[in-house]
Amino acid sequence: MVQIIYEPSTRTFHLRNDFFSYIMTILPEERLGQVYFGRRLHHRKDFSHLVEYSALAMAPFRQVDEVSYSQEHQRQEYPVYGASDMRDPACEVLHPNGSRLSDFRYAGYTIAAGKPTLPGLPATYVEDEGEAMTLTITLRDPLDGLKLELLYTVFDQGGILARSVRFVNEGAETLHLTRAMSLSLDLPGADYAFVQFSGQWGRERYKKVRMLEQGIQSVGSLRGQSSHNHNPFLILQRPGTDEQQGECIGLSLVYSGNFLAQAEVSTHDETRVLLGIHPHWFDWALAPGERFQTPEAVMVYTDRGLNHMSQTFHRLYLHRLARGYWRDRPRPILLNNWEATYFDITEDKLLSIAAKAKECGVELFVLDDGWFGGRRHDHAGLGDWVASPDVLPDGITGLAERIEGMGLKFGLWFEPEMVNEDSDLYREHPDWILQTPGRPRTVGRFQHVLDFSRPEVVDRIYEMMAKILSEAKVSYVKWDMNRSITECYSAALPPERQGEVFHRYILGVYDLYERLTNRFPEVLFESCASGGGRFDPGLLYYAPQAWTSDDSDAIERLKIQYGTSYCYPIVSMGTHVSVSPNHQVGRETPLDTRANVAYFGTFGYELDLNRLSDEEQEQVKEQIRFMKTHRALFQFGTFYRLLSPFEGDGRTAWMVVSEDRREAIVGVYKVLNGANVPYSRLVLQGLDPDLCYHDSVDGLDRFGDELMSAGLITTDGSTTFMAAGRACSGDFTSLLYHLTAVDGGRD
């Protein structure tokens, strides 16, 4: 049950539900202080005994008769630098006189049922006001008239607290925001591991863990996108916390652009966490009467381990971040032609690939890059979203009709944010790209980034895309973004507003998504940025699934999908079976292993099925039948991580359990064979201990308590693991266990 309690006698706020308590109070000088965040506490009127004061050496203070109070050693809700706090601040304001000092003081609060929207930004939402309550605390700087509204939404289900900040200039002069974080969290002590999800193209979201130390630990992006390098998500976890037990805090930013996720540990071992838009190159002019809304940050607290934290994020992002027609629907099994053909496409070739896909049971055929303008290679055509008659004589409309005539749905690839110099759009509007006057221009993949901070640019791209989607039978759009932003400068903005371009660019992307998804609500959008370069909550608001990585190798995908699962729902991951040897790493992997990994996601194929042997085509047909039978379980069941590919010999295991706990599928994956390996067992999670389950691999019936205590025998060469002729002996092999409750199986 959600409660937001204000105690006027002690000026204390207590936010809580069944999982956590979050407590704030008004400190001296009308500062808003952080008191407690953690396990749910009994309410009391006064928590002032948890606020610590001490006259520490070298601490600056402003009241000569109160040397024990210094902001440097107080836990604050939205701190500023310079007025006795020497740590990194949550916000910074440049005033007309050149000062950057602010003085925000408590000015009031409101409590309301439900959750407000954030204009122009993606955010979590509620469908009924009873699902959440929102506290808005107002702070005001009496000198310049800048008002802050700190928004806190407590959800009824799960240990979820959503936060954001609204700046309102109620003064008489233009101010410049040079830092505006979405969240600041001051915690007592520093006994946490800092868990980040980092990598590069082809190896996104690898789990990295290190203990907090005095100083600053951070990840972020200055690439104009959330990036392959670091995800806008981190975990603070206590020592001893693992997947099944222990205390942790997950922090996720609902944003797709430059971000900063930072933990600063003072030399008194106090921890400050900041999450929001990266302050580098950020400078937002706020004229009198104007307001600025930060992106939303979502905090999840649990004392039940990392799986429980992830499942809380999964439920929230699946049902109260993703929206629209496809939110709760099983996703179609697709075949994408990219790795089958690359740019070497003709209509006859596409129809041949689609026909075989239909024969095998595929539901959606996706035409990737190369269908428009002069796009015979990656040097030309971007920006000209008109079908090339050399490739498609009857255009997208004609091809889509032929695909639909086969009984398939039709999908189409776009890269709307980019332009090639060899394009009609660029020749007409060379000033429409992001470029710095007088400086050399950088290209990536032979393309430039369109200036989406300009409404006229977004309008033009919208018109071209909407024309195709309104005329042709397009059921799916893959939205790609294949380079980072360099030379970030807009010809449409004056010099003093160039610090707004990065953020305005992302607002333009969101605007285009909003307009297209509103006009074509039944089109399934999948986001992509050279694979996983913009796999973030901001885009899940518009596109309920994302291409997880351009690396489709099943063994590499074990780490990529495992790391991604810490924050993002399984159904949000685009997961495909591709050719062997794999095009990214050259590895040869069994066809069943490729499918056994890809089942845990949206599922599809990235190859020409005509090139497979008859035996392999029969395997594909069986894979598709299996996925169709169990699609709802894979995509909407409760996901558990069991064995991490980031540890030991890379063996991986995970499972998904139905809502009623009567069915589960367990995936077990081996990377390399071992010699004379020790015994091993896999302990399962999430089952009903009192239900008896039938095991599809060895045919045994076992109670849930046995499976979750004694586990499954997974020793190489064991009778159990070799059951039913499905040997898991060899490199890159795998097994799926399908567990179903046996009627009358309870004691």
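A few comments on the model shown:
- When the C-alpha to C-alpha distance is required to be over 24 Å, the pairs from LYS358/LYS478; LYS409/LYS628; LYS356/LYS628; LYS356/LYS473; LYS207/LYS621; LYS409/LYS621 that qualify are LYS207/LYS621.
- For segment 426-435, putting each phi into the Karplus relation 6.51 cos²θ - 1.76 cosθ + 1.60 with θ = phi - 60° gives couplings of 5, 4, 7, 9, x, 7, 7, 9, 6, 7 Hz, in residue order, rounded to whole numbers and with x for Gly and Pro.
- Shape class for segment 178-258, computed from the alpha carbon gyration tensor (a ≥ b ≥ c): oblate, with a/c not under 1.5 and a/b at or below b/c.
- Neighbours of GLN635 by Cβ distance under 12 Å: Lys/Arg scored +1, Asp/Glu scored -1, total +4.
- Taking only the Cα atoms of segment 260-364, the radius of gyration and Dmax are 23.7, 70 Å.
- The order of HIS43, HIS738 by accessible area, most exposed first and with a 1.4 Å probe, is HIS43, HIS738.
- With 5 Å bins beginning at zero, the pair-distance distribution over Cα atoms of segment 202-249 amounts to 4, 15, 23, 22, 19, 12, 4, 1 %.
- The distance linking segment 161-184 with segment 567-603 is 43 Å (Cα centroid to Cα centroid, whole angstrom).
- Proximal charge balance of THR302 [Cβ under 10 Å; K/R count +1, D/E count -1]: 0
- Taking 7 Å steps out from each Cα toward its Cβ at TYR679 and ASP511 produces label points 6.6 nm apart.
- Compared with the rule-of-thumb size 2.2 N^0.38 Å for a compact globular protein, segment 569-717 has a Cα radius of gyration ratio of 1.11.
- Gyration tensor verdict on segment 79-231 (Cα atoms; rounded if a/c is under 1.5, prolate if a/b is larger than b/c, oblate otherwise): oblate
- Accessible-area value, TYR106, 1.4 Å probe, nucleic acids and ligands omitted, Å²: 40 Å²
- For the set TRP385, TRP338, solvent exposure ranked by accessible area (probe 1.4 Å, protein chains only) runs largest to smallest as TRP338, TRP385.
- Solvent exposure of segment 524-618 amounts to 21 Å² per residue of accessible area, where only protein heavy atoms count and the probe is 1.4 Å.
- Net charge in the neighbourhood of GLY533 (other residues with Cβ under 15 Å of its Cβ; Lys, Arg +1, Asp, Glu -1) is -1.
- Rounded to the nearest 10 Å², the accessible area of ARG427 at probe 1.4 Å: 140 Å²
- Under the Karplus curve 6.51 cos²θ - 1.76 cosθ + 1.60, θ = phi - 60°, whole-Hz ³J(HN,Hα) for segment 76-83, x wherever Gly or Pro sits: 10, 7, 8, x, 10, 8, x, 9
- With contacts taken as Cα pairs under 8 Å and at least 6 residues apart, the chain reaches a relative contact order of 10 percent.
- Rounded percent of accessible protein surface that carbon and sulfur make up, the chain, 1.4 Å probe: 49 percent
- Computed over segment 508-578, the percent of Cα pairs more than 20 Å apart is 30.
- Heavy-atom accessible area order for TYR36, TYR78, largest first, 1.4 Å probe: TYR36, TYR78
- Cα centre as origin, Lys/Arg/Asp/Glu Cβ charges: the chain dipole, Debye: 520 debye
- Residue-level accessible surface for LYS409, protein heavy atoms, 1.4 Å, Å²: 100 Å²
- A Cα-only calculation for segment 1-152 places Rg and Dmax at 17.0, 52 Å.
- Protection proxy ranking of 553-563, 353-363 - average other beta-carbon atoms within 10 Å, highest first: 553-563, 353-363
- With 10 Å bins from 0: P(r) over segment 216-274, alpha-carbon pairs, percent: 21, 43, 30, 6
- All C-alpha to C-alpha distances of the chain, sorted into 10 Å bins beginning at zero, yield P(r) values of 3, 14, 23, 24, 19, 12, 5, 1, 0 percent in whole numbers.
- Per-residue [θ]222 nm for the chain (sum of -39500 (n - 2.57) over DSSP H runs n ≥ 4, rounded to 500): -5500 deg cm²/dmol
- FRET efficiency estimate (nearest 0.05) - Cβ-Cβ, SER54 to THR117, R0 41 angstrom: 0.45
- For segment 147-192, pairs of C-alpha atoms spaced more than 18 angstrom apart make up 52 percent of the total.
The values are calculated or read from the model by the stated rules, or taken from the named source; none is laboratory data. Model, not experiment: these values are computed from the prediction. We place every Cβ from the backbone using ideal geometry, glycine too, and count neighbours over all the protein chains shown. Quick note on the areas: whole protein, heavy atoms, side chains included, nothing else; ligands and nucleic acids left out. Shrake-Rupley method; radii C 1.70, N 1.55, O 1.52, S 1.80 Å.
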